[in-house]
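Below: the structure, in structure tokens.
We did not get these values from a lab; they are worked out from the coordinates using the rules stated. Note that the structure is predicted; figures quoted are calculated from it, not measured. Cβ: placed from backbone, ideal geometry, glycine included. Neighbour counts: every protein chain shown.
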Amino acid sequence: MNPFSEAPIVEAKNAYILQEYQTVISKASFEIHKGEFVYLIGRTGGGKSSLLKTLYADLPLRSGEMNVAGFHIHKIKRSEIPFLRRKVGIVFQDFQLFPDRNVAENLLFVMKATGWHDSGKMKNRLAEVLMRVGLGSVGNKMPHQLSGGEQQRVVIARALINEPQILFADEPTGNLDPEVAEGILQLFLEINRSGTAVLMATHNHTFLQAHPARVLKCQNGKLLDSQKDEISLTND
Ligand SMILES: Nc1ncnc2c1ncn2[C@@H]1O[C@H](COP(=O)(O)OP(=O)(O)OP(=O)(O)O)[C@@H](O)[C@H]1O
């Protein structure tokens, strides 16, 4: 089936991305469809994090429209946000695991918070997502006993728990050595190949050269799209 015949997972129309009352990006219009892999680039302070935060309803959208995984972000109620967060996975640069809970407890915490209650199903899903990210046997380890790359894999496993339609990743390899970073990118590509869309903010231009894909770029308060615009990949 042609993936573009389905409704897009993300649809932004004339969206204004704001921090406080400062406009960071104006009139952003773009779509992301099922199974797409999209890089989000642009210089520091250009608005990548702000755009991602708006997509997962951590920053309000006061002007324009955004639909994400079936939710109208421009009119989403606070009580609906947890339901949106079950349809999207979020991965940050700083791993944001609870340091005082082991890996299994970190993942079970999210499952409980997102409506899981059958302990047998939870255990199975826990094992599944850890296998998926290439970590079979770390459930009993504390985050500080893992390398940075392993911690990021746990975070990706956590983001996959509820089978999201899209992963939003904000500089997910920013704290990792180049080799480890490449492994994490490979994991995102593999997850993407199995059907999950990915929008990844990155400063890592090696990725774009080695694994070319569609690019959105925050530039001078606008959002450029490699599907429509001429984009310079190297010059921020
Ligand atoms: N919490 C905040 N309150 C007010 N302004 C903010 C806040 N966070 C970011 N900004 C401002 O919003 C603009 C966009 O920042 P943003 O973090 O979205 O950029 P970025 O492209 O993600 O940068 P980086 O590559 O450094 O992560 C910048 O001018 C920044 O100073």
field: Charge context of Asp225, other residues only, Cβ under 15 angstrom, K/R +1, D/E -1
entry: +2
field: Convex hull volume per residue in cubic angstrom - Cα atoms of the chain
entry: 132 Å³
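Neighbour counts of other C-beta atoms within 10 Å: give me Met200, Met111 arranged from fewest to most. Show your work: numbers first, answer last.
Details: Met200 27, Met111 21.
So the ranking, lowest neighbour count to highest, is Met111, Met200.
Once you sort the root eigenvalues of the Cα gyration tensor of the stretch 1-84 as a ≥ b ≥ c, which label holds: rounded (a/c under 1.5), prolate (a/b larger than b/c) or oblate (the other case)? Don't skip to the end; give the middle numbers.
On the way: a/c = 1.92, a/b = 1.26, b/c = 1.52.
It is oblate, given that a/c is not under 1.5 and a/b is not larger than b/c.
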message: Taking amide H atoms as placed 1.01 Å from N in the peptide plane, list the residues 5 or more away in sequence, or in a different chain, whose amide H sits under 5 Å from that of Ile25.
response: Ile17
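Which order do Ile76, Ile166, Ile191, Ile17 fall in if you start with the one that has the fewest other Cβ atoms within 10 Å? Could you put the intermediate results ahead of the total?
Values: Ile76 17, Ile166 26, Ile191 21, Ile17 30.
Least crowded to most crowded, the residues run Ile76, Ile191, Ile166, Ile17.
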message: Output wanted: per-residue J couplings in Hz (rounded whole) for the stretch 37-44, from phi through Karplus 6.51 cos²θ - 1.76 cosθ + 1.60, θ = phi - 60°, x for Gly and Pro.
response: 10, 9, 8, 10, 10, x, 5, 3
query: Can you sort Arg193, Arg78 so the residue with the fewest Cβ neighbours within 10 Å comes first?
result: Arg78, Arg193
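Please go through the stretch 1-105 and write out the GluC sites (Glu not before Pro) that DSSP classes as loop and that have at most 11 other C-beta atoms within 10 Å.
Numbers: sites: Glu6, Glu11, Glu20, Glu31, Glu36, Glu65, Glu80, Glu105; in loops: Glu6, Glu20, Glu36.
Loop-located and lightly packed - Glu6, Glu20.
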statement: Restricted to pairs 8 or more residues apart or on different chains, the lysines in the stretch 1-105 with C-alpha atoms under 22 Å apart form a number of pairs equal to 20
task: Identify, among Ile156, Leu84, Leu55, the residue whose Cα sits farthest towards the positive end of the charge dipole of the chain, taking +1 on the Cβ of Lys and Arg and -1 on the Cβ of Asp and Glu, with the dipole about the Cα centre.
output: Leu84
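Can you compute the helix-only [θ] at 222 nm over the chain? Use -39500 (n - 2.57) per DSSP H run of at least 4 residues, normalise by all residues, nearest 500 deg cm²/dmol.
Mean residue ellipticity at 222 nm (helix-derived): -9500 deg cm²/dmol.
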